[in-house]
Amino acid sequence: MKVASPFAGWSHLAPFLPSGSRVRMGLIGATSFLGSVAESGVLVIITVTADSLIRGVSEITIGPVTVSRSQSVLIAVGLVIARLVFTTLSSHMSSRFAAGAMLTAQQQLTDSYLSASYVARSSRRSGDLAAVLVNHGRFTGDLANGLTLVAASICALVAFGGTSIAVNPLATLGIALIGGLLILALRPLRQMSKRAADSFSGSARDISTSVTELESVQREIQVFAVEREFADDLDQQLVGGAERYRRLRFLSAAVPQIFQAAMLGAAVLSLLLVVNNPGDADLASIGAVVLLLVRSMSAAQQLVMANQRVLEFGAFAEGLNTLITSFRDSTPDHGTERPDRLTPLIVKDVRFTYDGEEDVFEDLDLELHRGELIGLVGPSGAGKSTLVELLLRLREPTAGRIEFGGHDARQIAGARFGHGVAFVPQQANLITGTIAQNVAFHREIPEERIVEAIRSAGLEQEIERLPQGMHSRLGPDDRSLSGGQRQRLTIARALAGDPEVVILDEPTSALDAASENAVRSTLEQLRHERIVIIVAHRYSTLRSCSRILVLRGGRLECDATPADLAERSDFFKAMIGEESVS
């Protein structure tokens, strides 16, 4: 197995770093080095000054320079200030480096997710994106911070080691020898740490997804009285996650301590080498070496801990980069055409399959024109939702083509298609913001157009009764609007952009009779200017349709007016009968 190292950590982090990051890392290391050099100078001054006090001399010699004890103290104060300045500067640059990496990772994830195909996005488990964005994004920042600590620790060791060489080369040789042996001995522990980090990363994502799914079905859990069963399933995941976390934390804590213990042994050995040096090592030299050894051990321990952080969080950054790459690889390849009109809508010999074996549609043909209000019905599994997704370019036909205004749908620019085609889902989904912002939906739409869309959806009077009117704030789980009002708000959202094609999936399923009549009246008015397609299971929703399409078994069974269809389609006849009985 390949041994993980800070270099591997850098490769995991590299996709989230801007140009010039190596220079910034170098500056972090340089400031750490200068701060450590200043600290080394202070340690040397302390030892030689203490030695002068013991020997009762008024002057001290530091290398080629001889100064008084008072001057040495002033020099030490200056070095302490320099150490503080360099340390603060290094910390500032490190924090900015880590925060920048986290922000870039999160931005790349959201950008790649939003540009990915609908198929790729919908294949993700519920809650997975939120878990990755928050947790993996933060851990990527922690990885960047760990790498800056590695750089700072290495530079500090170089500074302390260089000073130690100047004071006593023999002791430094002992440290280097034992340190090299330690690096070789700790290779298996680094491998174990990498495996533990990978395992915990996957476990954390699974648990986060399970919790999100639990929240989404919390009503059903209570209704079916399966609280204990869900708790047991989640408990198994939590137990496994806790065990992986325990193993990771043990290694993260134990490896630096093992290294520190070994470094203490190195210090003892180095002291023995100094004491038994046949040269002219004096008390000041020995004292300086001892202080530098202690400080070197601290820097070495920080290096090992930083490397553990790199190992731990590198797995999260690697997983995040893999996910971003998969999203980018699925980006739809739409064209750049901007036709003046998106009508008529023509489906030519369309075939579609999910698994490559069984066709949902085979040689499907449709032709829809401006001014038509078209109903789409059929039993469950007939392909209604699939056809809607094909018309909305959420999926692409396996064969054949769909044309808008005589242009292949795949060649139309995204912005042009988004402006000309609107969709009203069955589930009314709101965003955090005002009613006006929910209607605009992050589009540049004039306020008067928003007001007109609200009026067209039959919401004007109800919104005017709210304390702040259309500037009242809503949220995804807001309860200030009823289900029917929320549904009509999404209809207003669709109409605000003045689309040429409007597709509605069960638009009146949550409406009472009065609201349904208001929406149906709106749809009747819309038909004169655009193509309107309504997927419905209620005949009352379809009464105003000029055509109704019946899908069964992946084929178009009937295409006729409501009056003619009642005689030609058994399914539609049963649909009318069920509603009249109810």
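Values quoted throughout were computed directly from the atomic coordinates according to the rules given, and no laboratory measurement underlies them. Given the structure is predicted, the values throughout are model-derived calculations rather than measurements. Using ideal geometry, Cβ is built from the backbone for each residue, glycine included, and neighbour counts are taken over all protein chains shown.
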Quick check on the exposure proxy: order HIS407, HIS334, HIS12 from fewest to most C-beta atoms within 10 angstrom. HIS334, HIS407, HIS12
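Using a 10 Å cut-off around each Cβ, can you sort THR336, THR163 from fewest to most neighbouring Cβ atoms?
THR336, THR163
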Which one, LEU238, GLY9, THR508, is farthest towards the positive end of the dipole of the chain when Lys and Arg carry +1 and Asp and Glu -1 on their Cβ? GLY9
Modelled label-to-label distance, ALA242 and SER385, 7 Å Cα→beta-carbon offset: nm? 3.8 nm
Volume per residue of the C-alpha convex hull in the chain, rounded to whole Å³: 216 Å³
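Using 1/(1 + (r/R0)^6) with R0 = 60 angstrom and r between the beta carbons of VAL294 and ARG410, what's the FRET efficiency to the nearest 0.05?
That gives a FRET efficiency of 0.30.
Classify segment 10-60 as rounded, prolate or oblate from the Cα gyration tensor: take a ≥ b ≥ c as the square roots of its eigenvalues, call it rounded if a/c is under 1.5, otherwise prolate when a/b beats b/c and oblate if not. Each step should come with its number before you reach the end.
Working: a/c = 10.52, a/b = 5.05, b/c = 2.08.
The shape class here is prolate.
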Report Rg(Cα)/(2.2 N^0.38 Å) for segment 43-115, keeping two decimals. 2.10
If we count other beta carbons within 10 Å of each Cβ, what is the order of THR148, THR209, fewest first? THR209, THR148
Size-normalised alpha-carbon gyration radius of segment 345-581, reference 2.2 N^0.38 Å: 1.03
Can you show me the helix-derived [θ] at 222 nm for the chain, built from DSSP H runs with n ≥ 4 at -39,500 (n - 2.57) apiece and divided by the number of residues, rounded to the nearest 500. -21000 deg cm²/dmol
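Counting only other residues whose beta carbon sits under 13 Å from that of ILE445, what net charge do I get with K and R as +1, D and E as -1?
-2
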Kindly give Rg over Rh for segment 489-582, based on alpha-carbon atoms, with the Kirkwood expression for the hydrodynamic radius. 0.97
Relative packing of peptides 354-364, 369-379 - highest average C-beta neighbours within 10 Å first: 369-379, 354-364
Mind ranking 81-89, 136-144, 320-328 by how tightly packed they are, going by the mean number of other C-beta atoms within 10 angstrom, highest first? 136-144, 320-328, 81-89
With +1 on the Cβ of every Lys and Arg and -1 on the Cβ of every Asp and Glu, the dipole magnitude of the chain about its Cα centre, in debye rounded to the nearest 20, is 2340 debye
Taking all pairs of distinct alpha-carbon atoms in segment 1-97, Kirkwood radius in angstrom: 16.1 Å
Positive-end residue, the chain charge dipole about Cα centroid, Cβ charges, pick of ALA204, ALA152, GLN108: ALA152
Residues with beta-carbon under 14 Å from that of ARG125, excluding ARG125: net charge, scoring Lys, Arg +1 and Asp, Glu -1? -1
